[in-house]
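Contents: one structure, followed by commentary.
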Amino acid sequence: GAVVSQHPSWVICKSGTSVKIECRSLDFQATTMFWYRQFPKQSLMLMATSNEGSKATYEQGVEKDKFLINHASLTLSTLTVTSAHPEDSSFYICSAPEETGRLDGYTFGSGTRLTVV
Amino acid sequence: AQSVTQLGSHVSVSEGALVLLRCNYSSSVPPYLFWYVQYPNQGLQLLLKYTSAATLVKGINGFEAEFKKSETSFHLTKPSAHMSDAAEYFCAVSDYPGNTPLVFGKGTRLSVIA
């Protein structure tokens, strides 16, 4: 089935630095990628939707300049957390629609645990 | 706007007992409904999905769910709980998979007692 590879699995960075998270579709073309954020013991909240070759669409309340999303190719979407602060510490997960022909499912990356110290 | 409500943030069952995790949805169009399981610090694994075919959906690991339009429900069940079932479970809805993102419920943590 469709697989999305997400890296890194976990990262610790200093406050003020930037961190890039990558999601690659391994055996299909992901024209759309959804980025979610999950706080401890909470649900997944949609941050933004990226489409290959166009600007990402951000959900209300998500800072575009802090969470930079790039979807430059059909197999790679990246999320860069710029000038990270401790409150950005969270679990980030990407998801792409499965290209099954029936478009009836999604595949998820394994997630990235970001800790800002 | 679509939404799902999961009743009960935490459910505890004995090993071998019935598992019932509740999910009610709200949708203005025929929904596509999903159940996912998440283990600590991991991504989401699809258990099963309803895509307007059979109302009783069988998934992996012995789980199944029944779509009931009259009750706007999509409850997840498993006849006999196993210790390995302890995890976080999310119900999610989409009006058109592929075009729109999933909207998740708040999740239900399942504990299995030996």
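Residues in the stretch A:36-68 that are open to solvent by 30 Å² or more (accessible area, probe 1.4 Å) and assigned to a strand (DSSP E or B): A:ARG37, A:MET45, A:LEU46, A:ASN51, A:THR57, A:TYR58, A:LEU68. If you filter the stretch B:92-109 down to residues that are open to solvent by less than 10 Å² (accessible area, probe 1.4 Å) and under 18 Å from B:ASN24 (Cβ atoms), you find that the one that is nearest to the chain's Cα centre (by Cα) is B:ALA92. Considering only residues that are assigned to a loop (DSSP other than H, G, I, E, B) and either crowded, with 20+ Cβ neighbours inside 10 Å or touching a strand residue (DSSP E or B) at 6+ places or on another chain (Cβ under 7 Å) (or both), which ones fall in the stretch B:60-81? The answer is B:PHE63, B:THR72, B:ALA81.
Does the stretch B:95-104 contain at least one residue that is touching a Lys or Arg at 6+ places or on another chain (Cβ under 8 Å) and within 14 Å of another protein chain (Cβ to nearest Cβ)? No, the stretch B:95-104 has no match at all. Among residues of the stretch A:6-25 being assigned to a strand (DSSP E or B) and among the basic types (Lys, Arg), the one that is modelled with the lowest pLDDT is A:ARG24.
Taking the criterion of being hydroxyl-bearing (Ser, Thr, Tyr) and either more than 10 Å from chain A (Cβ to nearest Cβ) or loosely packed, with under 12 Cβ neighbours inside 10 Å (or both), the residues of the stretch B:37-54 that qualify are B:TYR39, B:SER52. Against the criterion of being open to solvent by 10 Å² or more (accessible area, probe 1.4 Å), within 14 Å of chain A (Cβ to nearest Cβ), under 21 Å from A:PHE108 (Cβ atoms) and touching a Phe, Trp or Tyr at 6+ places or on another chain (Cβ under 9 Å), B:VAL57 qualifies. With respect to the conditions (1) open to solvent by 20 Å² or more (accessible area, probe 1.4 Å); (2) in contact (Cβ under 8 Å) with a residue 40 or more places away in the chain; (3) not aromatic (Phe, Trp, Tyr), B:CYS23 falls short on a single one, namely (1).
Screening the stretch A:87-99 for residues that are charged (D, E, K, R) and part of a loop (DSSP other than H, G, I, E, B) and picking the one that is least open to solvent (accessible area, probe 1.4 Å) gives A:GLU98. Of the residues making up the stretch A:101-115, those that are open to solvent by 10 Å² or more (accessible area, probe 1.4 Å) and more than 9 Å from every other protein chain (Cβ to nearest Cβ) are A:GLY101, A:THR115.
Open to solvent by less than 20 Å² (accessible area, probe 1.4 Å), in contact with a Lys or Arg (Cβ under 7 Å, 6 or more places away or on another chain) and touching a residue at least 60 places away in the same chain (Cβ under 8 Å): is that true of B:PHE34 in this structure? Here the answer is yes, as B:PHE34 does meet what is asked.
Residues in the stretch A:69-86 that are touching a Gly at 6+ places or on another chain (Cβ under 9 Å), surrounded by 14 or more Cβ atoms within 10 Å (Cβ to Cβ) and small (Gly, Ala, Ser): A:ALA84 alone.
The values are calculated or read from the model by the stated rules, or taken from the named source; none is laboratory data. Computed from a prediction, not measured in an experiment: that's the story for all the values here. Reconstructed Cβ throughout: ideal geometry from the backbone, glycine too, with neighbour counts over all protein chains shown. Please note that ligands, DNA and RNA were not included when accessible areas were found on the heavy atoms of the full protein model with its side chains. Shrake-Rupley method; radii C 1.70, N 1.55, O 1.52, S 1.80 Å.
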